[in-house]
1. Among the helices of the chain (complete DSSP H runs), which have Cα atoms covering no less than 24 Å along the helix axis and a Kyte-Doolittle mean of at least 1.6?
2. May I ask you to order 196-206, 144-154 by the average number of other C-beta atoms within 10 Å around their residues, highest value first?
3. Can you find, among Thr246, Tyr195, Gln216, the residue farthest towards the positive end of the dipole of the stretch 150-266? Put +1 on the C-beta of Lys and Arg, -1 on that of Asp and Glu.
4. Give me the dipole magnitude in Debye, nearest 20, for the stretch 115-243 about the Cα centre, with unit charges on the beta carbon: positive for Lys and Arg, negative for Asp and Glu.
5. Residues of the stretch 166-197 with the amide nitrogen closer than 12 Å to a label point 7 Å from the Cα of Asn156, along Cα-to-Cβ, please.
6. Compare the Cα positions of Ala362, Ala278, Val344 along the charge dipole of the chain (+1 at Cβ of Lys, Arg; -1 at Cβ of Asp, Glu; about the Cα centre) and return the one farthest towards the positive end.
7. Which whole-number percent gives the relative contact order of the stretch 256-316, counting Cα pairs below 8 Å spaced six or more residues apart?
8. Under 8 Å for C-alpha pairs, at least 6 residues apart: give me the relative contact order for the stretch 272-378, rounded to a whole percent.
Amino acid sequence: MRGCLAFLLILFYLTDMSAQSKVNYEESQIPDFELCDPLVSLNGTAIKNRKQWEDLRRSEILSFFEREVYGKIPAALDNISFKLIEEKKPALNGKAYRKQIEIRLQKNDKELSFTVLIYLPQDQEKVPVFLGLNFHGNHTVMEDKKILISSAWSLNNQSLGIENNTLDSKSRGGRAHRWSIDKILAAGMGLATIYYGEIDPDKNDLTDGLQALFYQPNQKQPASDEWGSIGAWAYGLSRAMDYLQTDEDVDPSRVIVFGHSRLGKAALWAAAGDPRFAAVISNNSGCGGAALSKRRFGETIAAINTNFPYWFCENYKQFNNAEDLLSFDQHCLLSLIAPRPLYVASASEDQWADPKGEFLSAFYASPVYKLYGLEGITQKTPPNLNEPIQNVVAYHIRSGKHEVTDFDWEQYIRWAKKVLPY
Ligand code: GTR
C-alpha cells in the first residue's frame with residue numbers, strides 16, 4: 001500500500017514537472033479561454049462612466065492583484081527619511097547635474113536604506129523624470145566614477161564581471177547601453193534610478209530585504225497574501241516617489257515609472273497602486289507583467305512560480321497550470337493605470353515574454369481609457385515590427401532580443417513629450 005502511494009506520488013510529480021517544462025510557442029496550441037471584461041463588475045453591473053469605474057470596479061481589480069498576485073503591503077512604515085549623500089554637482093562634461101540621495105526606511109526598530117542616483121539636464125527647472133530600477137547597481141548605469149557602488153548582495157554576472165555576489169568597479173558603466181542618458185537629457189528630461197537589490201535581494205530568501213523589516217518577532221516569511229519581491233521592488237519605487245515629491249528640481253507631476261523585464265513587472269505594479277506616477281513604461285515585462293497569462297504562451301505562471309517562488313505572493317501559486325481559475329488576467333492590471341499614459345513594449349525575439357499577449361493585454365485594457373475619452377489601442381492586430389502605435393496607450397514591437405535599446409528609449413521619449421501635461 002505504502003509502495004503504491006509512493007509510486008503514485010512520483011508519477012504525479014513527474015507529470016507535473018513535464019507540464020511545467022513544456023513551453024508553448026505555437027499560436028495554434030493556445031487553449032480556448034475567456035477574459036473578463038474590465039467594464040463589468042463582479043456583481044454584473046455594467047460600468048458606464050468614470051465614477052462607476054473609480055467607485056466600484058477599480059477597487060475590485062486592485063484588491064484581486066493585491067491578495068492573489070503581488071501580495072499586500074503588511075503595514076505602514078514607522079518613519080522615512082532622506083539624506084543628500086551627494087549634493088547636486090555638474091556631471092557628464094557639463095551636460096548634466098548629478099545627485100545621490102539615501103532613502104532610509106524604519107520599522108519595528110529595524111531599518112533599510114537604498115540610494116537614488118539622479119541625473120538632470122542643466123539650466124532647467126522642474127524637470128520631468130524617468131524613474132526606474134536597475135539590475136546590477138547604480139554604477140552600471142553610467143561610466144561615471146562618482147557614482148557610489150552598492151555593498152548590497154548582487155546576482156553574479158559573467159559579462160559584467162560580477163562574482164561572489166559583490167559589486168565593484170569592474171562593472172562600472174557596464175549597462176550604460178540600457179539607459180540612453182544622452183537622449184533623455186537632450187529631451188530636457190531627467191533619470192532617477194535605484195539598484196533593486198538594495199530594496200530586496202533577488203534570491204529565494206525572504207528573511208532579509210524589505211519584508212524582514214515588517215516581520216513580527218519569529219516571523220520568517222510573509223503571510224500567503226503578503227508581498228513577494230516584486231511587491232517590495234514596487235514599494236521601493238513609491239518610496240522614491242516620496243522623495244521626488246520633495247526635490248525642488250523635479251516636477252513630481254511628471255514622473256514616469258519605467259522598468260525592463262522583472263523590473264517592468266514591478267513598474268506596472270507600482271503605478272497600479274500609486275496614482276502619483278504620471279505614466280508607466282513596461283519594457284518586455286512578460287509573464288506576471290503585461291502579458292496575458294491565459295494564453296499560456298512562453299513563460300507560464302507555473303514556470304515563473306517554480307523558477308522564482310519568491311517573486312509573487314504565495315497565493316499566486318494556486319494558478320500554476322490552472323489559469324482558468326483567474327478571475328482577472330493581466331489586462332486588468334493594465335486597466336488600473338487608466339487614465340494615465342501607459343506604454344507596453346515587446347521585442348520580436350523575446351517569445352518567452354509573449355509579445356502578442358503583451359499587445360492584446362494593452363488592447364483589452366483600452367476600453368477603460370475610452371471611458372475617460374482617451375485613445376488606447378484600438379486595433380486588434382499587432383503593428384508591424386518597429387512601427388509604434390503611440391496613443392495614450394502605446395505599443396511597439398522592436399526587432400531583436402529581450403533588451404532595452406536606443407530605439408526603445410527614442411520611442412519612450414517621443415511619446416512622453418506627446419502625452420505628459422506641459
Ligand atoms: C526571466 C524571467 C522573466 C523575466 C526575466 C528578466 O528569467 O523568466 O519573467 O523577468 O527573467 O527579468 O530578465
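Nothing in this text is a laboratory measurement; each read-out follows from the coordinates by a stated rule. Computed from a prediction, not measured in an experiment: that's the story for all the values here. We place every Cβ from the backbone using ideal geometry, glycine too, and count neighbours over all the protein chains shown.
1. Membrane-span-like by this rule: not one helix.
2. Answer by packing, highest mean first, reads 196-206, 144-154.
3. Result: Tyr195, furthest along the dipole toward the positive end.
4. It works out to roughly 300 debye.
5. Under 12 Å, as judged by backbone N against the label point of Asn156, lie 166 of the stretch 166-197.
6. Ala278
7. 29 percent
8. 37 percent
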